[in-house]
Each structure stands twice: as structure tokens, then as C-alpha cells.
Amino acid sequence: MSITLSLSELIEYTGWERNKWHDWLRQRGDDVLTIGVGPDGDGRFQTIGDLVRHIFSAEKRYIDRLSNRPLTDTASIPNNSVEALFQFGSQS
């Protein structure tokens, strides 16, 4: 069995999934971003906000690389604001 997805279908799905998480996090408020990721992490991410920023940073850097642009420095993106994180995420 072969499954075929077009690029537009993949982008549409990604947008739908992102909107779902944005709504879920927004309903819980910015404090949800301060929840720790737990003891089994690899130490790179301390909070949910760190993890979400990492996901969006990876997406943005892929776009930078594909566009032959310098990599975006994402350290200044706040990890404690749902709206700021998802505004940054929309850039990718």
C-alpha cells in the first residue's frame, strides 16, 4: 500500500496541528510554559517553553538553510509567552 501526500497537504496538516497546540496552550496561559520537562530529558530543555522554542527554531533554521540565509539566532525569542512563541513559529 502506497501513501502519497502533496506538499500543500503536508503544509496544511502542519498548520492545523500548530493551531491545535496554540489553542491548547493559550487556554492554559503562559504559566504552562514554565512546567518542567521532567527528569528523563537530556538536559537541553528545562521547560515546556524551551521545548516549543526549540521546535520552532529547528523549523526556522531549515528555512534559513534552504534559502541560503544566515541562521536565525533564536536565543532572544522568549520562552515564557505563548503568543510570542507562536508568532515566531509562524515565520517558518
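Table: residues versus (1) closer than 22 Å to residue 90 by Cβ; (2) assigned to a helix (DSSP H, G or I); (3) basic (Lys, Arg).
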residue	(1), (2), (3)
4	no, no, no
12	yes, yes, no
26	yes, yes, yes
33	yes, yes, no
38	no, no, no
41	no, no, no
49	yes, yes, no
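Within region 19-40, which residues are open to solvent by less than 60 Å² (accessible area, probe 1.4 Å) and at pLDDT 95 or above?
Keep residues of region 19-40 that are open to solvent by less than 60 Å² (accessible area, probe 1.4 Å), which gives 22, 25, 29, 32-33, 36-38.
Correct list: 22, 25, 29, 32, 33.
How many residues does region 51-77 hold that are part of a loop (DSSP other than H, G, I, E, B), free of Cβ contacts under 8 Å to residues at least 24 places away in the same chain and within 20 Å of residue 31 (Cα to Cα)? Break it down stepwise before answering.
Of the residues in region 51-77, the ones part of a loop (DSSP other than H, G, I, E, B) are 67-77.
Remaining after also requiring free of Cβ contacts under 8 Å to residues at least 24 places away in the same chain: 67-76.
Then keep just the ones that are within 20 Å of residue 31 (Cα to Cα); that gives 75-76.
Number of matching residues: 2.
I'd like the full set of residues that are without any contact (Cβ under 8 Å) to a residue 12 or more places away in the chain and out of contact with any Pro (no Cβ under 7 Å at 6 or more places or on another chain), limited to region 79-88. Don't jump to the end; show me each part of the working.
Of region 79-88, the ones without any contact (Cβ under 8 Å) to a residue 12 or more places away in the chain are 84, 87.
Within region 79-88, 87 is the sole residue that qualifies.
The values are calculated or read from the model by the stated rules, or taken from the named source; none is laboratory data. Being a predicted model, the structure only gives us computed values, none of them experimental. Glycine gets a Cβ as well: all are built from the backbone with ideal geometry, and neighbour counts include every protein chain shown. Side chains included, ligands, DNA and RNA excluded: accessible areas come from the protein's heavy atoms. Shrake-Rupley method; radii C 1.70, N 1.55, O 1.52, S 1.80 Å.
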